[in-house]
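Structure first, commentary second.
The values are calculated or read from the model by the stated rules, or taken from the named source; none is laboratory data. What you see is a predicted model; the values in this text were computed from it and never measured. All Cβ positions, glycine included, derive from the backbone under ideal geometry; neighbour counts span all protein chains shown.
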Amino acid sequence: MTDAVPATTPAMTSSPTPVEPAAPGVALPGSGDQPPAAALPPSAPERYELALEGFSIDPALIQTADPVLRDIGLTNDAANKLLPVARDIMARAQEGLARQIEDAAAQQKKAWYDAFVADPQIGGARKAETEHLSAKALDALGYGQGHPFRQALNDSGFGNHPDMLRAFRRLGELIGEDAGLVRPQTAHSRQQPVWERLYPNEAR
């Protein structure tokens, strides 16, 4: 016995396509809703007006900074807020540079002094004699204790430069050897040029 076959088969119906919900903030066609306009970033001013309390800003510096501030799109208020930070950075940079200069100067002074002490001709056992003769030469030239030039030699350390001490030592020796060298304490010596006081025989 065979199964009966239906004379007709029911027609297949397609299922409806699901509709995805619209994304938030996206206007549907024909809905009449418009998305909110994006906020535009504040623009750079036509001209930067920079001021920092207690400081006078060079207009040329503002002119130099203008294209940089404009390129990164800073407003005038934002640029002014950066000024205190820039001031502190510059102050610290200057302090660091000053310390480097001071350290380098101290190292140079020490190097000159060490070279002077180690020099067998003017240092070592002859160190005290060199200092005495150099002081004698400075006194003869009118640069006594407390004179600005003598003080500058001490402060800079250049007074301990081996070549400087070698020259002053030799001058001190000449003063002792040449009784004709005029001393600066006399009125006549104050009117004479230095080279005439150092070389009186050649000046005549």
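Put simply, of L83, L69 the only residue that is over 28 Å from L153 (Cβ atoms), assigned to a helix (DSSP H, G or I) and in contact with a strand residue (DSSP E or B) (Cβ under 6 Å, 6 or more places away or on another chain) is L83. Of all residues in segment 84-101, those that are under 21 Å from E53 (Cα atoms) have Cβ atoms under 8 Å from Cβ atoms of residues that are not polar (S, T, N, Q), 6 or more apart or on another chain, in P84/L52; R87/L52; R87/F55.
So for segment 167-190 (the condition being farther than 30 Å from Q108 by Cβ, within 46 Å of the chain's Cα centre (by Cα), modelled with pLDDT of 55 or more and not in a helix (DSSP H, G or I)), does at least one residue qualify? Within segment 167-190, none of the residues are farther than 30 Å from Q108 by Cβ, within 46 Å of the chain's Cα centre (by Cα), modelled with pLDDT of 55 or more and not in a helix (DSSP H, G or I). Evaluated against (1) at pLDDT below 65; (2) loosely packed, with under 14 Cβ neighbours inside 10 Å; (3) in a helix (DSSP H, G or I), R197 falls short on exactly one condition, (2). Of the residues making up segment 86-124, those that are surrounded by 11 or more Cβ atoms within 10 Å (Cβ to Cβ), among the charged types (D, E, K, R) and assigned to a helix (DSSP H, G or I) are R87, K109, K110, D114.
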